[in-house]
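The structure under discussion appears below in the form of structure tokens.
The values are calculated or read from the model by the stated rules, or taken from the named source; none is laboratory data. Here the structure is a predicted model, which is why all the values come from computation and not from measurement. For neighbour counting, all protein chains shown are included, and Cβ atoms are generated from backbone atoms with ideal geometry for every residue, glycine included. Remember, those area values only see protein heavy atoms, side chains included, never the ligands or the DNA or RNA. Shrake-Rupley method; radii C 1.70, N 1.55, O 1.52, S 1.80 Å.
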Amino acid sequence: MTEVAERAEKYVGRGVLRKEDPELISGQGRFIDDISFPGMLWVAVVRSPFAHAKINGVDTTRATGMPGVVAVYSGADLAGEWAAGLPCAWPVPTTTFPEPDAEDARMPTHYPVAADKARYAGDAVAVVVADSRARAKDALEAVDVDYEPLDPVLDTEESLKEGAPVIHDELGSNDIYTWKTGSAEDAERVFADAPVVVKERYEHPRLIPNAIEPRGVVVDVGHAQGDYTLYSATQIPHIAKVTLSLTMGIAESKLRVVAPNVGGGFGSKLNIYAEEAVCLAVARKLGAPVKWIEERSENYLATIHGRAQTSDMEVAATEEGKIVGMRVKVLADMGAYLQLVTPGIPILGAFLYHGVYAPEAYYFECTAVLTNKTPTDAYRGAGRPEATYAVERIMDALARRLDKDPAELRRLNFIPPFDEPWATPAGLQFDSGDYGAALDKALELVGYDDLRREQQQRRSSGGTKQLGIGISTYIEMCGLAPSQVLSALRYGAGGWEAATIRCKPTGKIEVVTGTTPHGQGHVTSWCQIVADELGVDFDDIEVLHGDTAISPLGMDTYGSRSLSVGGVALHHAANKIKDKAKKIAAHELEASEDDIEWSDGKLQVKGAPDKAKTIPEIAFSAWTAHNLPEGLEPGLDETYVLDPPNFTFPSGAHICAVEVDTETGVTEITKYVAVDDCGTIINTQIVEGQVHGGIAQGIAEAMYEEAVYDDNGVLLTSHMGYYRVPSAAELPSFETGHTVTPSTTNPLGVKGVGEAGTIASPPAVVNAVINALEPLGITQLDMPVTPERVYNAIQDADSSPGGAA
Ligand code: MCN
């Protein structure tokens with residue numbers, strides 16, 4: 001087990017208030033729409049109203065003549081601007097992991113503006129450039145696109161059938177890959193012999209990410225010709241710089257990418273979008289700064305969607321409920337194009353469909369398929385909510401089948417507590433865990449026994465408000481890193497992260513991080529780590545990020561990786577600072593290096609506390625360089641680039657209690673308890689906020705949200721009036737608790753927390769609703785469990801042969 005670093009613990013572990021907030025809550029933040037340049041032009045995008053249509057021609061004459069319009073470009077006009085299509089960095093091959101691949105991934109080219117065919121309603125087909133936003137928008141309707149509508153294919157199973165409309169002609173069919181892991185044969189054997197087998201199909205609805213700030217892009221043209229600064233509401237300025245250089249044929253040295261304040265992303269801004277390339281192309285063509293700001297309804301069409309997977313999940317068990325096998329077949333809707341990591345999303349769940357249990361046989365298979373809908377990609381949790389939902393739903397189904405208490409069934413099957421890496425049936429090494437401890441704590445917090453008693457009373461009284469209790473004991477895999485493992489999964493980038501600490505002669509500390517926070521509070525957390533590690537004042541530390549000119553090295557923020565990779569890199573950089581500072585302290589204090597120790601935030605001669613140097617004192621000496629040890633470089637700046645040895649595996653237990661009105665189908669959450677284990681906690685308040693936000697998003701998924709299309713592939717839930725994003729008023733108070741099993745992967749013992757709530761909560765809610773309705777014979781409901789869906793299920797159950805009527 002890695003030793004957890006010893007620290008003074010002055011800031012770490014406390015709920016220090018976020019340094020970021022005064023600026024943000026007093027309107028001083030600088031978001032993308034706050035950025036403008038003299039002579040700036042506005043870009044607006046013409047989007048296809050058809051889900052699938054041939055483009056026979058684009059007549060720009062009328063639009064070009066409109067007031068203020070500077071240029072109008074069709075896809076064909078811009079074709080010469082692209083050195084390559086938009087990037088897809090995760091070409092998951094058709095293979096059985098971890099064997100070498102048999103066939104390469106089938107990757108359609110995705111040009112930023114479609115020239116031949118529109119492939120989803122919302123696909124960019126032309127671009128207007130004008131001297132104001134309003135004039136650019138006005139001219140959109142004057143662009144005459146000659147569409148020839150084609151039959152769309154909207155359903156994944158239909159899309160795989162022989163004779164289905166082909167979305168990308170060059171591929172010849174719509175299947176992208178079938179990727180497998182585990183042993184189908186072992187699973188077959190175990191399932192054939194098992195006395196109890198439960199199989200269910202779970203539909204994971206297509207979701208629309210709703211960051212407070214939609215996307216936006218500003219491109220400034222530099223003084224030197226061919227020199228561009230791209231400001232984008234993005235989570236990934238570093239990845240954008242590399243990939244957009246390739247798409248645009250711009251040398252990396254000529255492209256600076258800045259993510260200013262970003263109003264949330266939730267994975268949807270972990271992408272490279274058409275509009276980023278379009279704005280660069282227009283700025284290059286016209287030699288002027290340009291700006292594009294996404295409208296909310298555009299956001300619904302043209303920003304990636306999430307989830308959209310069907311899982312056929314099976315569990316095999318003994319009569320006593322001991323699980324012996326788990327297998328799942330997933331059908332994943334990629335949408336019309338492969339965005340940055342679209343194909344890889346189901347693979348992020350592939351290793352977790354057995355949850356916190358240890359079946360002897362495990363098999364996962366996923367087929368990824370194109371449809372004429374908005375592309376899907378990473379949305380908070382990305383693959384892991386799908387896995388968790390399936391395994392935690394089937395645990396309840398198994399409990400029902402065996403007439404066992406769902407908490408007891410889980411306890412019977414937990415992987416026992418461990419603090420050494422544990423080899424999973426799916427081929428990973430979980431870092432550490434104590435799943436029973438989290439469940440016990442959650443059961444106690446929620447008052448499980450009392451709730452079950454109340455449930456029995458309500459059931460016997462036959463009232464119309466039935467109580468349901470739902471449990472979710474989840475595990476997730478985050479801290480996306482070890483580059484070698486990512487490479488085995490065919491991920492197209494590394495998983496390392498960089499941190500630089502500069503100790504300035506003034507006593508101030510500059511931290512440069514390669515992570516790109518957009519709501520996660522890295523500035524505060526990173527200051528806590530550095531303040532404790534270097535014994536410096538929290539307020540003397542400044543954290544710089546989100547600008548490739550200032551922070552050239554980085555892999556950005558997603559996959560709840562920032563603390564366990566970027567924060568740990570910072571810890572290592574601080575150690576490098578201390579190592580160098582020790583040499584200078586020893587020299588100045590005329591002691592041997594071996595006699596210098598780090599104590600109470602200072603470097604001091606062992607046993608002589610009055611003979612000590614602080615980091616700011618040494619930083620000044622290192623800057624003047626008047627009296628440094630022979631051969632030592634001046635300055636006290638260090639960089640550490642970390643590629644950790646493993647992912648981290650946060651876990652926990654969430655329990656939801658609901659009251660379902662059997663006359664109306666309305667569900668009210670009466671209690672929600674979350675016990676999360678994210679290893680050592682740096683900032684208790686930030687963790688609390690992350691968990692709260694995550695649970696809110698998971699409840700939204702379970703009860704409210706779903707992207708719905710009509711038969712022609714037109715998005716019906718096209719704005720917030722139709723797509724129901726719950727507000728605080730619809731959500732209960734959450735009761736939270738923690739267990740701490742430090743990660744064995746990193747010296748801080750930390751695991752990620754940014755997605756935990758979203759991953760854990762949907763099965764807790766749906767299990768609770770089904771549990772409430774069990775006496776009516778209802779054992780299956782898909783998300784979202786809206787009043788209408790619940791009401792209809794009750795009506796169907798009433799009229800069925802075994803129904804209550
Ligand atoms: N933290 C901590 N102790 C821990 C774990 C985390 O104090 N043991 C703190 C970290 O220091 C950091 C925050 O919690 O300040 C989140 O850390 P981490 O779990 O490493 O996640 P990331 O910073 O990498 O954030 C990414 C994650 C993802 S993948 C999505 S999606 C998401 C999320 O964070 N999108 C968000 N949280 C979001 N929060 C906001 N406000 N907006 C988004 O778009």
For region 397-412, Karplus couplings with θ = phi - 60° (6.51, -1.76, 1.60), whole Hz, Gly/Pro x: 5, 5, 4, 4, 4, 8, 6, 10, 5, x, 5, 5, 4, 5, 4, 4
Spin-label model distance (nm) - Arg411 vs Glu735, 7 Å beyond Cα toward Cβ: 1.8 nm
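Ordered by packing density, taken as the mean number of other Cβ atoms within 10 Å over each peptide's residues, highest first, how do 489-497, 714-722 rank?
489-497, 714-722
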Cα-based shape type of region 210-368, given that a ≥ b ≥ c are square roots of the gyration tensor eigenvalues and the cut on a/c is 1.5: prolate
Separation between Cα centres of region 14-49 and region 453-498, rounded to whole Å: 32 Å
Residues Gln28 and Ser460, FRET efficiency given R0 of 56 Å [Cβ-Cβ distance, rounded to 0.05]: 0.40
Residue-wise HN-Hα coupling along region 708-713, computed from phi with Karplus coefficients 6.51, -1.76, 1.60 (Hz; x: Gly, Pro): 10, 10, 8, 5, 8, x
Cα gyration tensor shape for region 140-252, rounded if a/c is under 1.5, else prolate or oblate: prolate
Pairwise FRET efficiency - Asp131 versus Arg62, Cβ, R0 = 22 Å, nearest 0.05: 0.80
Gained length - Ala84 relative to Glu774, 0.36 nm times residue gap less alpha-carbon distance: 242.9 nm
Cα centroid separation, region 532-570 to region 203-255 (Å): 21 Å
The chain - percent of accessible surface contributed by carbon and sulfur, probe 1.4 Å: 49 percent
FRET efficiency, Glu510 to Val708 (Cβ-Cβ, R0 56 Å, nearest 0.05): 0.70
Pairs beyond 19 Å (Cα-Cα), from Lys508/Lys602; Lys117/Lys241; Lys117/Lys161: Lys117/Lys241; Lys117/Lys161
Listed peptides 591-604, 342-355 by packing density, highest first (mean Cβ within 10 Å): 342-355, 591-604
Overall form of the chain per C-alpha gyration tensor (a/c, 1.5; a/b vs b/c): oblate
Probe 1.4 Å, protein heavy atoms only - accessible area per residue of the chain in square angstrom: 36 Å²
